[in-house]
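Enquirer: One structure coming up, written as structure tokens, with questions to follow.
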């Protein structure tokens, strides 16, 4: 473990889809600057747990979370589950990458500009600097720098996933939630993304859902197993 | 293929037969029209004895040619789709994204009923409303292009609503979460991501609406279409339209030459619809 300062604190988190409870009174501390893996059988609520950290569950029909979550964005732990906490601001600080690459139906450049536009950042030079920096962090700049105006959907699966990571990084999030980010990729792309995550943990706290124990051993600082709605630490 | 059951073979044969019958029906109708109408396709059919340039520049009225009916049909399609498109898309977005399950069910049922209303009933209602408005509010208002276009918009709007709703509801759930995950509001998600992603399927509904607007006769014969009006000068004037001309000719033709002109008009209407479908298909490809 590289840092013992708490980045995310969870107290009594319950998660429901309709009447069905899938997370049961989860308590959790996630240290800053680490990669925390969440594994366990399918359908146990691993992805749902991630959506509690950026309150994305609020956009999912039938989902409901109760309990309290705090995140430290540099000014001490802030309770992000308070009703009046700015959810759009939260989601810019807590980025999320999904299992399947999900490019927006626009060019590579516009995909990268989109989160900045939402955040109200429009100064051209600053936008271009941030985009280049994020694409470099995602090890994608060299592959796309000459075709930024091409439709993003024409990229390969591995490139698309790195674009989605870069699109999240462009807002310089402090927490990165990754929902099986390598599940649909070939081994070469998997290796690139794992290297990228190891680079990123110096700047971000990463919470990653993964089914692959080899991958968890390679890059995660700790592994939490989710089963029957309860979280337990694995002895990896 | 080996090991196919008798049921599989029967179902396959039935499906092929249905496809073949439908395709044949379309080809027979199109072939019949081409066979009878192709020989009538010439400038005389459209412009009669009026010089082409003067007719197109509206310097001289065309009497006996189809130009006014073509212009009326195009104006009708343009106006009705202009009215129906924003309302249809907004209602479809509301049903897919904002309506509570109960509201969605009730409104969905209402729109399905709306889609099944016979066009003659819509035409009669439009006519009745026009008379009411004429008697109580606007003495200058008579059945006209605007009333026809509004009635046609009412007729086709359910297709646009349902296709918009289905297109949005069919988007993968992860696509709906992408922009909110980056900090987008609901409106930003809709505007920048969901509607563009659903656009190609929404165009499908618009294609259906264009076809319906172009061909419907029952509505327009009660709300403004007349046999002789020239090119419509304003939306408050009467107008000629190809479907009405075809109907009128088929019912009242005096000689074979007049009937042939009806075939020519049908062929031109087919070309107009084909052209508009091709245009919509091109948009569909572009938005993909």
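No value in this document is a laboratory result; all are computed from the given coordinates. The structure presented is a predicted model; accordingly, all values stated were derived computationally and were not measured. Backbone-built Cβ (ideal geometry, glycine too); neighbour counts: all protein chains shown.
Enquirer: Go through (1) more than 22 Å from residue B:172 (Cα to Cα); (2) touching a helix residue (DSSP H, G or I) at 6+ places or on another chain (Cβ under 6 Å); (3) within 14 Å of chain B (Cβ to nearest Cβ) and name the single condition residue A:138 misses.
Expert: (3)
Enquirer: In the list A:82, A:64, A:46, which residue meets the criterion of being in contact (Cβ under 8 Å) with a residue 60 or more places away in the chain and touching a strand residue (DSSP E or B) at 6+ places or on another chain (Cβ under 9 Å)? Write out each step before concluding.
Expert: Details: A:82 fails: in contact (Cβ under 8 Å) with a residue 60 or more places away in the chain; A:64 fails: in contact (Cβ under 8 Å) with a residue 60 or more places away in the chain.
The unique qualifying residue is A:46.
Enquirer: Here is a further query. Go through region A:41-67 and count every residue that is over 18 Å from the mean Cα position of the chain (by Cα) and more than 13 Å from every other protein chain (Cβ to nearest Cβ). Don't jump to the end; show me each part of the working.
Expert: We begin by selecting, within region A:41-67, every residue over 18 Å from the mean Cα position of the chain (by Cα); these are A:41-44, A:61-67.
Now narrow it down to the ones that are more than 13 Å from every other protein chain (Cβ to nearest Cβ): A:41-44, A:64-67.
Residues meeting the conditions: 8.
Enquirer: Would you point out the residue of region A:110-127, among those that are assigned to a helix (DSSP H, G or I) and over 23 Å from the mean Cα position of the chain (by Cα), that is farthest from the other protein chains (Cβ to nearest Cβ)?
Expert: Going through region A:110-127, the residues assigned to a helix (DSSP H, G or I) turn out to be A:110-118, A:124-127.
Going one step further and asking which of them are over 23 Å from the mean Cα position of the chain (by Cα), we end up with A:124-126.
On the way: A:124: 19, A:125: 22, A:126: 17 Å.
The extreme case among them is A:125.
Residue by residue, here is whether (1) under 20 Å from residue A:101 (Cα atoms); (2) within 16 Å of the chain's Cα centre (by Cα) holds:
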residue	(1), (2)
A:180	yes, yes
A:183	yes, yes
A:202	no, yes
A:209	yes, yes
A:217	no, no
A:220	no, yes
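Enquirer: What strands (runs of 3 or more DSSP E) completely inside region A:1-46 contain at least 2 residues that are closer than 19 Å to residue A:211 by Cα?
Expert: Values: elements: A:6-17, A:20-31, A:35-39.
Counting at least 2 such residues, we get A:20-31, A:35-39.
Enquirer: Hey, any hits in region A:145-157 for a residue that's touching a residue at least 24 places away in the same chain (Cβ under 8 Å) and in a strand (DSSP E or B)?
Expert: Yes.
Enquirer: Also, quick follow-up: Given the structure, is residue A:189 away from every other protein chain (no Cβ under 13 Å), in contact with a strand residue (DSSP E or B) (Cβ under 9 Å, 6 or more places away or on another chain) and farther than 23 Å from residue A:88 by Cβ?
Expert: Values: away from every other protein chain (no Cβ under 13 Å): yes; in contact with a strand residue (DSSP E or B) (Cβ under 9 Å, 6 or more places away or on another chain): no; farther than 23 Å from residue A:88 by Cβ: yes.
Answer is no for this residue.
Enquirer: Let me ask something else about it. Against the definition (surrounded by fewer than 22 Cβ atoms within 10 Å (Cβ to Cβ) and in contact with a strand residue (DSSP E or B) (Cβ under 8 Å, 6 or more places away or on another chain)), how does residue A:120 come out, yes or no?
Expert: Numbers: surrounded by fewer than 22 Cβ atoms within 10 Å (Cβ to Cβ): yes; in contact with a strand residue (DSSP E or B) (Cβ under 8 Å, 6 or more places away or on another chain): no.
When the stated conditions are applied, residue A:120 does not pass them.
Enquirer: Kindly indicate which of A:158, A:95, A:76 is more than 12 Å from every other protein chain (Cβ to nearest Cβ) and in contact with a helix residue (DSSP H, G or I) (Cβ under 7 Å, 6 or more places away or on another chain).
Expert: Details: A:95 fails: more than 12 Å from every other protein chain (Cβ to nearest Cβ); A:76 fails: in contact with a helix residue (DSSP H, G or I) (Cβ under 7 Å, 6 or more places away or on another chain).
Result of the check over A:158, A:95, A:76: A:158.
Enquirer: Filter region B:178-217 down to the residues that are facing chain A (nearest Cβ under 8 Å), surrounded by 22 or more Cβ atoms within 10 Å (Cβ to Cβ) and in a helix (DSSP H, G or I) and list them by number.
Expert: Passing the criteria: B:178, B:179, B:180, B:181, B:193.
Enquirer: On to the next question. Only one of (1) within 11 Å of chain B (Cβ to nearest Cβ); (2) in contact (Cβ under 8 Å) with a residue 24 or more places away in the chain; (3) at positive phi fails for residue A:104. Which number is that?
Expert: Here residue A:104 meets the rest and fails (3).
Enquirer: Residues being in contact with a helix residue (DSSP H, G or I) (Cβ under 8 Å, 6 or more places away or on another chain) and assigned to a helix (DSSP H, G or I): count how many of those fall in region B:95-125.
Expert: Within region B:95-125, the subset in contact with a helix residue (DSSP H, G or I) (Cβ under 8 Å, 6 or more places away or on another chain) is B:95-97, B:99, B:104, B:107-108, B:111-112, B:114-115, B:117-120, B:122-125.
Now narrow it down to the ones that are assigned to a helix (DSSP H, G or I): B:95-97, B:104, B:107-108, B:111-112, B:114-115, B:119-120, B:122-125.
Total satisfying the criteria: 16.
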